[in-house]
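Worksheet: one structure, shown below.
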Amino acid sequence: MNRFLFLLPLLLLAACGQSQPEKAPLEGAKIGGPFTLLDQDGKTVHDSDFRGKYRLVYFGYTFCPDVCPVDVQKLMLGLKAFEKQDPARGAKVQPLFITVDPERDTSAALGSFTKAFHPRLIGLTGSPEAIAAVARAYGVYFQKSPGATPGTYLVDHSRSSTLYGPAGEPIALIPETGSPEEIAGELGRWVK
């Protein structure tokens with residue numbers, strides 16, 4: 001056995017040059033899953049329609065007075081920067097905006113909202129029950145709260161954008177508060 005000890009340093013040096021693939025931060029997380037919703041054109045959409053694509057998913061609502069439009073703008077600017085840096089990998093990312101306010105966010109309302117940010121951004125809505133089920137599956141909290149004037153409301157909701165892989169597996173949170181360059185960098189880190 002002692003005669004092989006001289007090989008140990010050589011084996012250790014050889015192993016140092018090999019890098020291990022980076023583990024996705026959300027690997028194994030129990031979020032995501034099947035859904036059937038309506039897109040901004042009123043067409044039925046299933047989660048399986050995006051099989052083979054990375055999905056950048058953001059939950060929000062079009063009547064949001066401040067946070068959602070800013071987050072979506074930053075995310076879509078980041079996606080555009082990523083598409084410019086690497087068109088082939090950028091084309092693999094399907095951005096999705098899922099409403100948490102299905103009562104007001106009709107397909108038409110989503111269409112006006114999504115086309116303002118990115119030509120490939122898909123807005124999804126559905127019945128209150130369908131949206132509640134999708135939010136639960138994707139780990140998203142939301143609840144109506146009274147607005148500033150009688151008869152109006154806001155929707156409190158968790159704030160995160162998540163990248164899912166080609167099979168629908170959660171990969172990583174994407175920093176919706178980051179700069180377009182930071183967002184593009186995170187997409188570049190995970191989209192293969």
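Got at least one residue in the stretch 141-154 being surrounded by 21 or more Cβ atoms within 10 Å (Cβ to Cβ) and within 17 Å of CYS64 (Cβ to Cβ)? Before you say what the answer is, go through the steps one by one.
Of the stretch 141-154, the ones surrounded by 21 or more Cβ atoms within 10 Å (Cβ to Cβ) are none.
Within the stretch 141-154 (the criterion being surrounded by 21 or more Cβ atoms within 10 Å (Cβ to Cβ) and within 17 Å of CYS64 (Cβ to Cβ)), the answer is no, since none of the residues qualifies.
Can you spot a residue in the stretch 128-148 that is in a strand (DSSP E or B) and of a type in the set (Gly, Ala, Ser)? Before the answer, list the steps.
If we filter the stretch 128-148 for residues that are in a strand (DSSP E or B), which is where we start, we get 142-146.
Subset that is of a type in the set (Gly, Ala, Ser): 145.
Yes, there is a match, as at least one residue in the stretch 128-148 is in a strand (DSSP E or B) and of a type in the set (Gly, Ala, Ser).
Given the criterion touching a helix residue (DSSP H, G or I) at 6+ places or on another chain (Cβ under 8 Å) and small (Gly, Ala, Ser), identify the matching residue among GLY126, GLY147, GLY111, GLY139.
None of the other options fit; the residue is GLY126.
In the stretch 52-68, how many residues are closer than 20 Å to ALA132 by Cβ and of a type in the set (Gly, Ala, Ser)?
Total meeting the criteria: 1.
Could you identify the single residue in ASP49, ASP101, ASP71 that is out of contact with any helix residue (DSSP H, G or I) (no Cβ under 7 Å at 6 or more places or on another chain), closer than 25 Å to ALA130 by Cα, among the acidic types (Asp, Glu) and surrounded by 22 or more Cβ atoms within 10 Å (Cβ to Cβ)? Outline the logic, then answer.
Values: ASP49 fails: surrounded by 22 or more Cβ atoms within 10 Å (Cβ to Cβ); ASP71 fails: surrounded by 22 or more Cβ atoms within 10 Å (Cβ to Cβ).
Step by step, each of ASP49, ASP101, ASP71 is checked, and only ASP101 is out of contact with any helix residue (DSSP H, G or I) (no Cβ under 7 Å at 6 or more places or on another chain), closer than 25 Å to ALA130 by Cα, among the acidic types (Asp, Glu) and surrounded by 22 or more Cβ atoms within 10 Å (Cβ to Cβ).
Of everything in the stretch 155-165, what is in contact with a Phe, Trp or Tyr (Cβ under 7 Å, 6 or more places away or on another chain) and surrounded by fewer than 16 Cβ atoms within 10 Å (Cβ to Cβ)? Give them in sequence order.
Within the stretch 155-165, ASP156, SER158 meet the criteria.
State the number of residues belonging to the stretch 113-140 that are buried (at least 16 other Cβ atoms within 10 Å of the Cβ), farther than 21 Å from GLU176 by Cα and of a type in the set (Gly, Ala, Ser).
3
Can you name the residue in the stretch 149-192 that is in contact (Cβ under 8 Å) with a residue 24 or more places away in the chain and of a type in the set (Phe, Trp, Tyr) and, of all such residues, is farthest from PHE97 (Cα to Cα)?
Filtering the stretch 149-192 for residues that are in contact (Cβ under 8 Å) with a residue 24 or more places away in the chain and of a type in the set (Phe, Trp, Tyr), the one farthest from PHE97 (Cα to Cα) comes out as TRP190.
A short reminder: the numbers here are calculations on the coordinates, not readings from a lab. This structure is a prediction, so every number in the text was calculated from the model and none was measured. Cβ sites come from the backbone with ideal geometry, for glycine too, and all protein chains shown count toward neighbours.
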